[in-house]
Amino acid sequence: MFSVATNSNARTSGWLREVWHLAAGALALAAVTVTYRGLVGITNPTVVGLSYLLVILLIAAASTFRVAVAASVAAVITLNYYFLPPVGTLVVADPEYWVALAVFLAVSFVASQLSLVARQRADDATERRDELNRLFDLSRDILLTTDSRAAVDDLARYVARRFSLDYVCICLPGSAVWHLHQSGSGVTLDPHELDVALATARGALEFDANTRTYGGHRRVVTDVGIEVLLVPLRLGTRAVGLLATAGRLVDPGTLDAIAGLGAIAIERVKFLEERQAAERVRQGAELKSALLASLSHDLKTPLTAITVAANNLRASWLTEAQRVEQMDVVVAEVERLNRLFQNIVDMARIDTDGVNAEREWVHPSEIIDAAVQQVQHVLQDHALEIKADETPDVQVDPRLTSAALAHLLENAGHYSPAGTAITITARVDDGALTMAVADRGPGIGGQDLPHLFERFYRGANARKLAFGTGMGLAITRGLLAAQAGRVWAENLPGGGSCFTLLVPTASRPATAPDAETS
């Protein structure tokens with residue numbers, strides 16, 4: 001289990017590899033011996049000894065030093081038995097052969113050791129390269145993390161995944177308890193051990209040149225026998241928490257680097273949260289300022305008109321036609337105020353996610369009729385061209401969709417010359433209801449197109465042509481978003497502009513209104 005089980009498995013696997021390498025070396029020595037004595041007929045001890053030495057070097061390059069030593073001893077015995085007189089015995093008749101065997105064994109040992117050292121250095125270089133790659137990948141993971149709410153939990157998972165660790169925990173001290181962000185299970189950390197480790201890490205900062213680590217590393221064994229390494233999370237010289245790991249052995253210097261990246265990531269999370277909070281405060285202040293400016297401007301005009309019309313109605317010299325005209329002014333301005341307050345309510349609902357879609361079957365022409373009725377006062381000087389007769393029934397929220405379309409129609413009525421036509425087109429294809437409102441107005445300025453649907457935004461031409469709060473198009477976008485829909489605008493080639501809304505929907509053949517059954 002975790003480090004204990006991992007170490008046991010590693011030792012078993014190491015023994016098996018050594019046995020396999022030793023068997024392979026014995027087979028290689030036997031093959032050389034059979035080839036020289038039985039097939040080729042070479043009995044020169046020098047030639048055979050060099051061949052044996054090559055086999056030993058290959059074994060040393062692939063296995064451990066003790067396997068290479070065992071192969072060297074086996075090669076000496078084989079060389080003596082099969083190639084040194086008297087052949088077939090382990091007796092050495094000539095003292096020179098004793099020297100040759102000793103030199104051969106010494107050369108085998110030295111060559112094996114050099115080969116092993118070279119391989120170990122190559123393995124170390126490869127491991128350090130891999131560790132650097134993992135650190136780079138971890139730093140990239142941290143930079144790509146933007147959600148501050150789950151960032152520390154994600155950090156623990158990133159470390160565990162990148163470094164193949166069974167268990168990783170980011171331990172952050174709280175006012176009374178530790179906040180643990182874990183990847184992996186089966187480990188229970190003792191708060192007392194964490195307190196001791198953090199207190200040690202906050203002592204004098206010292207660097208150990210041999211292990212390439214700073215002080216504060218601490219090994220603890222849990223109640224189930226799992227060994228956990230605690231490494232301080234240091235931001236500069238200040239310890240802000242602990243990194244707990246279990247499983248694969250990782251170089252202590254690498255763990256210090258991981259802990260340093262972790263501390264930077266935690267600090268980055270705090271900065272992101274503070275920046276988001278500051279951004280929310282700034283946006284709130286801007287919205288309040290824009291809303292107050294807009295309301296002060298748009299309330300003043302209708303209230304002034306209502307006041308003047310009401311005073312005029314008191315005059316005894318007005319004719320009946322003039323009184324009706326003044327009453328119409330009052331009604332129009334009251335409707336305008338009502339529309340303004342409804343926009344404010346809709347914007348507040350959108351900001352608080354209070355817009356819920358209630359889909360039902362409806363024909364697009366019914367949505368268009370409802371939208372036209374809402375803004376009839378703005379469209380009375382325009383001819384309407386409606387193209388929606390052959391569309392099937394759709395399943396949308398008719399209230400939200402007609403309100404969104406009404407804002408587009410109101411926009412077209414305000415900013416296109418009186419007497420010009422406004423075209424409303426509806427079609428259903430590819431699983432979506434698409435409605436377009438085209439006018440014959442001056443079009444949209446290129447600098448205004450990217451900002452049209454921002455709240456309280458009004459282009460320079462819009463401010464000259466008509467009064468408004470800049471909320472209508474933003475409300476349209478919010479109402480459609482509640483149905484997973486969207487809206488966009490474009491200029492028409494022959495002049496004017498076209499606003500298009502799209503709502504994903506199911507469809508069915510159109511039915512007569514009186515054919516519906518419950």
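Does Leu409 count as farther than 13 Å from Val503 by Cβ, surrounded by 15 or more Cβ atoms within 10 Å (Cβ to Cβ), of a type in the set (A, V, I, L, M, F, W, C) and in the same structural domain as Leu492 (by TED's automatic domain parsing)?
Judged against the criteria, Leu409 is a match.
Inside segment 329-352, can you point out the residues that are surrounded by fewer than 13 Cβ atoms within 10 Å (Cβ to Cβ) and either modelled with pLDDT of 85 or more or small (Gly, Ala, Ser) (or both)?
Ala348
Residue under question is Arg129, and the condition is that it be of a type in the set (Lys, Arg), surrounded by 12 or more Cβ atoms within 10 Å (Cβ to Cβ), within 42 Å of the chain's Cα centre (by Cα) and part of a helix (DSSP H, G or I); does it hold?
In short, no.
Is it fair to say Ala160 is part of a helix (DSSP H, G or I) and small (Gly, Ala, Ser)?
Against the criterion (part of a helix (DSSP H, G or I) and small (Gly, Ala, Ser)), Ala160 qualifies.
All but one of (1) over 18 Å from Ser497 (Cβ atoms); (2) in contact with a strand residue (DSSP E or B) (Cβ under 9 Å, 6 or more places away or on another chain) hold for Leu449, so report the exception by its number.
All conditions pass for Leu449, except number (1).
Among the residues of segment 143-157, is there at least one that is farther than 18 Å from Ala28 by Cβ, assigned to a helix (DSSP H, G or I) and assigned by TED's automatic domain parsing to the domain that holds Val19?
Looking for residues that are farther than 18 Å from Ala28 by Cβ, assigned to a helix (DSSP H, G or I) and assigned by TED's automatic domain parsing to the domain that holds Val19, one finds none in segment 143-157, hence no.
Can you pull out every residue in segment 222-255 that is outside any strand (DSSP E or B) and either touching a His at 6+ places or on another chain (Cβ under 8 Å) or not assigned by TED's automatic domain parsing to the domain that holds Gly184 (or both)?
Pro252, Leu255
Could you tell me whether Ser51 is without any contact (Cβ under 8 Å) to a residue 24 or more places away in the chain and closer than 18 Å to Gly25 by Cα?
Taking the combined requirement at face value, the residue satisfies it.
What residue, among those in segment 217-231 that are charged (D, E, K, R) and touching a residue at least 12 places away in the same chain (Cβ under 8 Å), is surrounded by the most Cβ atoms within 10 Å (Cβ to Cβ)?
In this case the residue turns out to be Arg218.
The values are calculated or read from the model by the stated rules, or taken from the named source; none is laboratory data. Here the structure is a predicted model, which means the values were calculated and not measured. We place every Cβ from the backbone using ideal geometry, glycine too, and count neighbours over all the protein chains shown.
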